[in-house]
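Novice: Here you go, one structure.
Just so it is clear, none of the values below were taken in a lab; they were calculated from the coordinates. Remember, predicted model here, so these are calculated numbers, not experimental data. Neighbour counts are summed over all protein chains in view; Cβ atoms, including those assigned to glycine, are modelled from backbone coordinates with ideal geometry.
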Amino acid sequence: MKIIETLEKLGEIQGGSLVPTMGALHEGHASLIRAGAASDRPVLVTLFVNPTQFAPNEDFAKYPRTLDADLKIAEAAGASAVFVPSIEAIYPGGLANAASLAAQFSLPPIATAPRLEDAVRPTHFGGVCLVVSRLFDLCQPSLAYFGEKDFQQLRVITQMVEENSNRWKSLKIIPCATIREPDGLAMSSRNRYLDPSQRIAALGISRALQSVAHCSNVANGEALMRKILDQHGLETQYAVIRSEKTLCAPESGVKSARALIAAKLGAIRLIDNAIVGISTPNG
Ligand code: PAF
């Protein structure tokens, strides 16, 4: 596996499968890399903790940086190369300039309409779209892999690519299923912050999602999720059932939707989501 630190060396690996990450790799990332390797194209993993997607009050400085372990996980999962860029390589002209570019980024509607991550983290998707579009421009992938765990992010990036089909002509976004611990907790780089009692409480999120796996009334389903989160001592930021396509209210007559949760345990913020089968009371 090659380790690439400069833009000049990137040319050797263009046109393959891209797995963008912020490092602190876990089994969820490994599953994306394995999916990329199964495409029979070279897999490029990027490791870059992107400052522009963190608000000043968020955990950019504390975000786990585990380069040695990341390299081992990437190699074992089948990565051909890992790109570990400097801030200057991603943001020529420096961070002050990049932050203002992120604030002005022309976002696709799904980045601002649902009032989910966009409401809680208003500057987040500007930074995500800025860095991901820069990585697409630099790496020119044919396929790019994103986890369903960050479901709104996946939908934002998919819509950004659809809206820019002239810029990234043959690029396809590949969604990959959320990987869970055996007890149901979705894998996340932030899980390592949980102390033993918080780790137990965090199970409230997957339990709340399971409670609405089949649902006949959206408002009741949302109330049930909030109740379960509350019982586990989680502070709910949102617990909603939305259209999979728009992430706004489910269209009438749909048979499936998506439950999405963001909840906090102290300073630790966790998100997760799952499919909901919608059934009418009589049918
Ligand atoms: O999901 C992530 O880890 C990040 O948001 C991404 C897509 C790598 C952009 O920094």
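Novice: Compute the projected area of the convex hull of the Cα atoms of region 73-141, averaged over all viewing directions, and report it in nm² to one decimal place. Walk me through the numbers on the way to the answer.
Specialist: Numbers: hull surface 24.7 nm².
Answer in nm², one decimal: 6.2.
Novice: Let me ask you something else. Taking only the alpha-carbon atoms of the chain, what semi-axes of the equivalent ellipsoid follow from 5 times the gyration tensor eigenvalues under a square root, in whole Å, largest first?
Specialist: Details: eigenvalues 201, 86, 72 Å².
The three semi-axes for the chain are 32, 21, 19 Å.
Novice: Work out the FRET efficiency for K264 and E12 from their Cβ-Cβ distance, taking R0 = 35 Å, and round it to the nearest 0.05. Spell out each step's value before the answer.
Specialist: Numbers: r = 43 Å, r/R0 = 1.23.
Given R0 = 35 Å and the Cβ-Cβ separation, E is 0.25.
Novice: Please provide three numbers in whole Å: the alpha-carbon extents of region 1-92 along the principal axes, with the largest listed first.
Specialist: That works out to 41, 30, 20 Å along the principal axes.
Novice: Tell me, what ³J(HN,Hα) does each residue in region 43-57 have, in order and in whole Hz, if you take phi through Karplus 6.51 cos²θ - 1.76 cosθ + 1.60 with θ = phi - 60° and put x for Gly and Pro?
Specialist: So the J values, rounded to whole Hz, are 9, 9, 9, 9, 10, 8, 7, 7, x, 6, 9, 9, 6, x, 8.
Novice: At what distance in nm do the modelled label points of I200 and D137 sit from each other, each positioned 7 Å from its Cα along Cα→Cβ?
Specialist: 5.1
Novice: Right, next: Compute the projected area of the convex hull of the Cα atoms of region 133-185, averaged over all viewing directions, and report it in nm² to one decimal place.
Specialist: Details: hull surface 15.8 nm².
Averaging across all directions leaves 3.9 nm² for the Cα convex hull.
Novice: Next up: What's the percent breakdown of Cα-Cα distances in region 164-250 across 10 Å bins, shortest bin first?
Specialist: In order of increasing distance, the bins hold 14, 37, 29, 14, 5 percent.
Novice: Counting only Cα, what are the radius of gyration and maximum Cα-Cα distance Dmax of region 219-283, in Å?
Specialist: Every Cα atom of region 219-283 included, Rg and Dmax give 12.8, 43 Å.
Novice: Separation of region 224-283 and region 18-62 by C-alpha centroid, Å?
Specialist: 25
Novice: Angle check, please: helix 95-104 long axis (alpha carbons) against the longest principal axis of the chain (alpha carbons), in degrees 0 to 90, nearest 10.
Specialist: Around 50 degrees separate the two axes.
Novice: With both bridge residues required to lie in the chain, what share of the DSSP beta bridges run antiparallel, to the nearest 5%?
Specialist: Values: 18 of 38 bridges.
Around 45 percent antiparallel, to the nearest 5.
Novice: Can you give me the angle between helix 218-231 and the longest principal axis of the chain, using Cα atoms only, in degrees from 0 to 90, rounded to the nearest 10?
Specialist: Orientation of helix 218-231: about 80 degrees from the principal axis.
Novice: If packing is taken as the average number of other Cβ atoms within 10 Å across a peptide's residues, how do 36-48, 164-176, 106-118 rank, most packed first? Intermediate results must be reported in sequence, preceding the final value.
Specialist: Values: 36-48: 21.0, 164-176: 14.2, 106-118: 17.9.
The packing order, highest mean first, is 36-48, 106-118, 164-176.
Novice: Remind me, relative contact order of the chain in percent, using alpha carbon pairs under 8 angstrom and six or more residues apart? Let's see the in-between values first.
Specialist: Values: 513 pairs, mean separation 47.5, N = 283.
Relative contact order for the chain comes out at 17 percent.
Novice: In region 76-188, how does Rg compare with the Kirkwood Rh, expressed as the Rg/Rh ratio over alpha carbon atoms?
Specialist: Numbers: Rg = 15.2 Å, Rh = 15.5 Å.
Rounded to two decimals, Rg over Rh is 0.98.
Novice: Also: 7 Å from Cα along Cα→Cβ at both R207 and E27: what's the point-to-point distance in nm?
Specialist: It works out to 2.1 nm between the two label points.
Novice: Amide H neighbours of G16 under 5 Å, counting only residues 5+ apart in sequence or on other chains, H built in-plane at 1.01 Å?
Specialist: Here S142 satisfy the definition.
Novice: Could you estimate the translational diffusion coefficient of region 46-88 from the Stokes-Einstein equation, with Rh from the Kirkwood formula over C-alpha pairs, at 25 °C and 0.890 mPa s, in whole µm²/s? Provide the component values of the computation, followed by the final result.
Specialist: Details: Rh = 11.9 Å.
D, rounded to a whole number, is 207 µm²/s.
Novice: Using a/c under 1.5 as the rounded threshold, could you call region 22-149 rounded, prolate or oblate? The axes a ≥ b ≥ c are square roots of the C-alpha gyration tensor eigenvalues, and prolate needs a/b larger than b/c, oblate otherwise.
Specialist: Working: a/c = 1.65, a/b = 1.53, b/c = 1.08.
Prolate is the answer for region 22-149, as a/c is 1.5 or above and a/b outweighs b/c.
Novice: Take the Cα radius of gyration of region 1-50 and divide it by 2.2 N^0.38 Å, with N its residue count; two decimals is plenty.
Specialist: Values: Rg = 11.0 Å, N = 50, 2.2 N^0.38 = 9.7 Å.
With N residues counted in region 1-50, Rg over 2.2 N^0.38 Å equals 1.13.
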